[in-house]
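The values are calculated or read from the model by the stated rules, or taken from the named source; none is laboratory data. Please read these numbers as outputs of a predicted model, since none were measured by experiment. Ligands, DNA and RNA are excluded from the accessible area calculation, which covers all protein heavy atoms including side chains. Shrake-Rupley method; radii C 1.70, N 1.55, O 1.52, S 1.80 Å.
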Amino acid sequence: SDGGKLLVVPMVGSHWLSMRPVVEKLSERGHEVVVLMPEVSWNMKTTQGYTVKTYPVSHTLEELDNSF
């Protein structure tokens, strides 16, 4: 079957840790995946299996750490 196109907008933090294996598997199965990530985030690593687009945010990593 043909793969589809997916846009993934994960939440910062543990949501991405759960979603990443699913996104990688969908990419392996032929889906064209674009992940939209904030420029500043925790644990939002990328791989070559999908395209990543970033968007600017108004906080720094230090501010994000301090808020939690």
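Accessible surface of Y55, taken over heavy atoms with a 1.4 Å probe and every protein chain present, rounds to 80 Å². Between E62 and Q48, residue separation times 0.36 nm minus the direct Cα-Cα distance comes to 2.3 nm. For the stretch 5-66, the Kirkwood estimate of the hydrodynamic radius, built from every pair of different alpha carbons, is 12.2 Å.
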